[in-house]
Amino acid sequence: MFTAEASQRMFHVDRNLDYESVIDGDHHESWGCSPVCPAIVRVHTEMPAQDVPLHWHLGSELIYPRHGRVMLFIDGQEVTLNDGQLCLISPKSLHSIHPEPYEDGQCCLSITFDGEYLSRLDPGLSNRHLLQGVPLGSGCEYTADELVELCERIVECTYDESEMQLIRMNALLFALLCHIDERWVVDDETTSGGYRVR
């Protein structure tokens with residue numbers, strides 16, 4: 001039975017994680033597959049904040065700081081996120097994450113989709129090139145209201161203590177995946193040589 005206590009352990013990070021044990025010499029990170037979710041969902045509140053070393057994985061990732069700043073390096077590009085902003089990371093992109101919490105702490109959502117799981121649904125899902133390294137949300141060129149709203153609902157769901165929590169979480173994750181695929185995949189074969197968001 002999936003209890004509220006099990007939910008807290010699954011979705012909330014209030015201590016340091018052992019990244020060295022899951023990142024190999026090629027920088028590939030693998031936490032193993034969850035039998036109940038298509039993604040690893042974590043709300044980071046640990047203090048002091050923990051840096052995530054350089055790594056890559058088969059699934060896409062989303063970083064959303066609700067409280068505190070986060071600096072990322074993605075394929076050699078630096079990006080800083082403030083409260084209410086988020087960033088997408090394409091599958092197999094080499095990246096590191098560096099939280100910059102406020103004095104009263106941090107609250108940062110990270111969602112890493114399981115690339116192997118998605119490949120079983122459709123092989124192309126683990127090869128999408130996303131609009132990565134670009135802040136999205138409040139005060140950005142792309143306000144991404146629907147994306148931010150989905151992130152907020154996912155954070156709220158991590159605190160849901162009802163027996164429907166996992167059903168709601170999975171529904172939100174698949175809605176997020178569909179929205180990203182419909183709106184934030186880029187086509188880099190444009191005549192201008194730039195990216196075009198779908």
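Open to solvent by less than 10 Å² (accessible area, probe 1.4 Å) and within 14 Å of the chain's Cα centre (by Cα): does that describe residue 118?
For residue 118, the condition - open to solvent by less than 10 Å² (accessible area, probe 1.4 Å) and within 14 Å of the chain's Cα centre (by Cα) - is not met.
Quick grid of which residues meet (1) at pLDDT 95 or above; (2) in contact with a strand residue (DSSP E or B) (Cβ under 9 Å, 6 or more places away or on another chain); (3) within 18 Å of residue 158 (Cβ to Cβ); (4) not polar (S, T, N, Q):
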| site | (1), (2), (3), (4) |
| --- | --- |
| 12 | no, yes, yes, yes |
| 37 | no, no, yes, yes |
| 43 | yes, yes, yes, yes |
| 54 | yes, yes, no, yes |
| 84 | no, yes, yes, yes |
Count - residues of segment 80-92 that are open to solvent by 10 Å² or more (accessible area, probe 1.4 Å), under 29 Å from residue 126 (Cβ atoms), in a loop (DSSP other than H, G, I, E, B) and free of Cβ contacts under 8 Å to residues at least 60 places away in the same chain
2
Segment 27-58, residues that are surrounded by 15 or more Cβ atoms within 10 Å (Cβ to Cβ) and farther than 21 Å from residue 14 by Cα:
38, 55, 56, 57, 58
Name the pairs whose Cβ atoms lie under 9 Å apart, with the first residue in segment 102-124 and closer than 19 Å to residue 10 by Cα, the second at pLDDT below 90 and in a loop (DSSP other than H, G, I, E, B), and 6 or more positions between them or separate chains?
112/31; 114/33; 114/34; 117/33; 117/34
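The values are calculated or read from the model by the stated rules, or taken from the named source; none is laboratory data. What you see is a predicted model; the values in this text were computed from it and never measured. Cβ: placed from backbone, ideal geometry, glycine included. Neighbour counts: every protein chain shown. The accessibility values were calculated without ligands, DNA or RNA, using every heavy atom of the protein model including side chains. Shrake-Rupley method; radii C 1.70, N 1.55, O 1.52, S 1.80 Å.
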